Each structure stands twice: as C-alpha cells, then as structure tokens.
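The values are calculated or read from the model by the stated rules, or taken from the named source; none is laboratory data. Since we're looking at a predicted model, the values are computed, not measured. Heads up, the Cβs are rebuilt from the backbone with ideal geometry, glycines too, and the neighbour counts pull from every protein chain shown.
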Ligand SMILES: [Zn+2]
C-alpha cells in the first residue's frame, strides 16, 4: 500500500496543480525521508542543505508515475522521485496555511502558487533527486518490468515474461515488479479472482486462455481502481485529503470469511508467496485438472 492505482490517482490529481509552478522554499522536517531508500538510513549534516539547494527555484514541467513511484520533472532536466511505501501521503494546499504542519509532515515544498507536503507516519517512504531524468529512466529499466497501463503491456509480452518463471506461483509472479510493475497485495488478489485463477498455482500450469484472462483482469482491475481514486484502506488519501472509493468494490481482498459475491461460497485466506491471500475456492479452483 499504496499500489499503482493509488499513485496514479495522486499523480493525475497533482498534474494540473503543479505543472508550471516553481519551488520557492523547501523545508525538510525529517532528514530520514531524503536519506536513501533502505530501512536503515544515515545522513551527513550537509544532506539537507544539498537536497534543498538542488530543488530551489526549479520549475515543474511534468508529473508522472512509474511502477509505484511518482516523479516530478523540472525544466533544468532534474527529477524528484518518491515512493510512499506503507504510509506516505502527498498533500496539496492551495492556500498558504498559517497552522503548523501536521505531526507526520516530513517535507514541505512551497511553490510559486500552493504548497506540496510529503507526510509519512511510519517513515518508510523516500524522496530522491536525480540530476537528469535519464538517470531515473536507467534505474527503471533495471528494476521494473511491463507497465500495465501502457501499450507495451500486450498479452504476448505478458505471457513471455511469465513463462520464464514456470515454477513460481501466480501470486509471487504478479507481485514481482520486474515482471509487471505496480501490483501489490490488494490488486494481485483482485486480479486473480476476476481471472478465476487460484493465486497459488504455478505459472507453468496456466493454460493460454488463463494467461489471457490474467492479462485482461490486470487491465480491468487497475483501470477501475484508478477510476475510483484507488483504495483507501489505511493511510492513503488523495492530495486534497479525500479518500479513494475502490475498497467498496473489492471482491476478495480483506473479505476472507465473507461470502463470495459471485458464487456465495465462503472466501478463504491462505499465506501464499509470504503474503496473506484471499480467494474463492469455488471460483478459483486449485485442482485445475478438473477443468481440463
Ligand atoms: Zn466464488
């Protein structure tokens, strides 16, 4: 949390608010957020001034998303990349507030018009500055696979990537960011349900039509989730503080023990690929031999 639909919703909301604006002041309230990506972080006394200096008076020309990351591109060619991890939030205030920032606000960007705030209760998220946008693109090429909302995400490209991992479970494969990027636990379970595929099945057991069904389900679920502003389950909110409503439409995620909305069987919970996984035994049978 947040996954692709949440970050996409944030980015779509911020684009008209940020593009064309310049950063006039940066206040780092917690250096941990700008001190790398790992769980253990350290920083020197010069880290905060360097971060501030690198962004001051930069004009925003684009706001985008890659996998679960958001990024701002500046007129100079620099790029600010961020990941919300567990509890990160990007908030936008149109008017300058006289109140002190909330307790979880870690970085404040005052713009030529409006203010962008990065808040993060658990502080696993991060912000990084790349000197050139191409540096960030190089990182993406190594770390991330197909972008499921792009034209590159074809049934063929998807099947080719999956077939390289025949022994991996569907759940584990869909969570791997180097195969398809942006899917996490929520949308993985929803995709498997829509495609009627048991998440614990090995990739090698999937028939061609099941691979195709997974591909279609990924596009359908993610697009619908974006249309509803994502799923506000824990801390995720849109930049104006409003919640996304897609959680109301979840079929299986968080519904274990409740009735399947398709067949009325009781939804199951199982640990697959190290993650709590919800599914319907009847709609997503594990013994696929019965279907042959
Ligand atoms: Zn069912």
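Could you tell me whether residue 225 is under 20 Å from residue 4 (Cβ atoms), within 16 Å of the ligand (Cβ to nearest atom) and outside any loop (DSSP other than H, G, I, E, B)?
Values: under 20 Å from residue 4 (Cβ atoms): yes; within 16 Å of the ligand (Cβ to nearest atom): no; outside any loop (DSSP other than H, G, I, E, B): yes.
Considered against the rule, which asks whether it is under 20 Å from residue 4 (Cβ atoms), within 16 Å of the ligand (Cβ to nearest atom) and outside any loop (DSSP other than H, G, I, E, B), residue 225 comes out as no.
Residues in segment 197-205: is at least one farther than 18 Å from residue 3 by Cβ, touching a residue at least 60 places away in the same chain (Cβ under 8 Å), outside the structural domain of residue 66 (by TED's automatic domain parsing) and surrounded by fewer than 18 Cβ atoms within 10 Å (Cβ to Cβ)?
Taking segment 197-205 as the starting set, the residues that turn out to be farther than 18 Å from residue 3 by Cβ are 197-198, 200-205.
Subset that is touching a residue at least 60 places away in the same chain (Cβ under 8 Å): 197-198, 200-201, 205.
From the residues that got through so far, the ones that are outside the structural domain of residue 66 (by TED's automatic domain parsing) too are 197-198, 200-201, 205.
Still in the running and surrounded by fewer than 18 Cβ atoms within 10 Å (Cβ to Cβ): 205.
So far as segment 197-205 goes, yes, one or more of its residues are farther than 18 Å from residue 3 by Cβ, touching a residue at least 60 places away in the same chain (Cβ under 8 Å), outside the structural domain of residue 66 (by TED's automatic domain parsing) and surrounded by fewer than 18 Cβ atoms within 10 Å (Cβ to Cβ).
How many of the residues making up segment 234-258 are touching a residue at least 60 places away in the same chain (Cβ under 8 Å) and within 19 Å of residue 118 (Cα to Cα)?
Qualifying residue count, segment 234-258: 9.
Quick check on residue 278: is it touching a helix residue (DSSP H, G or I) at 6+ places or on another chain (Cβ under 6 Å) and either within 15 Å of the ligand (Cβ to nearest atom) or at pLDDT below 95 (or both)?
Against the criterion (touching a helix residue (DSSP H, G or I) at 6+ places or on another chain (Cβ under 6 Å) and either within 15 Å of the ligand (Cβ to nearest atom) or at pLDDT below 95 (or both)), residue 278 qualifies.
Given the criterion buried (at least 18 other Cβ atoms within 10 Å of the Cβ) and at pLDDT 95 or above, identify the matching residue among 7, 52, 24, 19.
None of the other options fit; the residue is 7.
Which condition breaks for residue 216 when tested against (1) away from the ligand (no atom under 16 Å from the Cβ); (2) over 30 Å from residue 95 (Cα atoms); (3) in contact with a strand residue (DSSP E or B) (Cβ under 7 Å, 6 or more places away or on another chain)?
(3)
Can residue 174 be described as surrounded by 15 or more Cβ atoms within 10 Å (Cβ to Cβ), outside the structural domain of residue 43 (by TED's automatic domain parsing) and in contact with a strand residue (DSSP E or B) (Cβ under 7 Å, 6 or more places away or on another chain)? I'd like the intermediate steps shown before the answer.
Details: surrounded by 15 or more Cβ atoms within 10 Å (Cβ to Cβ): yes; outside the structural domain of residue 43 (by TED's automatic domain parsing): yes; in contact with a strand residue (DSSP E or B) (Cβ under 7 Å, 6 or more places away or on another chain): yes.
Here the answer is yes, as residue 174 does meet what is asked.
Would you mind telling me which numbered condition in (1) part of a strand (DSSP E or B); (2) under 22 Å from residue 226 (Cα atoms); (3) out of contact with any helix residue (DSSP H, G or I) (no Cβ under 7 Å at 6 or more places or on another chain) residue 189 fails?
The failed condition is (1).
Take residues that are in contact with a strand residue (DSSP E or B) (Cβ under 9 Å, 6 or more places away or on another chain) and assigned by TED's automatic domain parsing to the domain that holds residue 235 and tell me which of the strands (runs of 3 or more DSSP E) falling wholly in segment 23-96 contain 2 or more. Explain how you work it out, then say what you get.
Working: elements: 23-28, 60-66, 69-74, 79-83, 88-93.
Per the criteria, no element qualifies.
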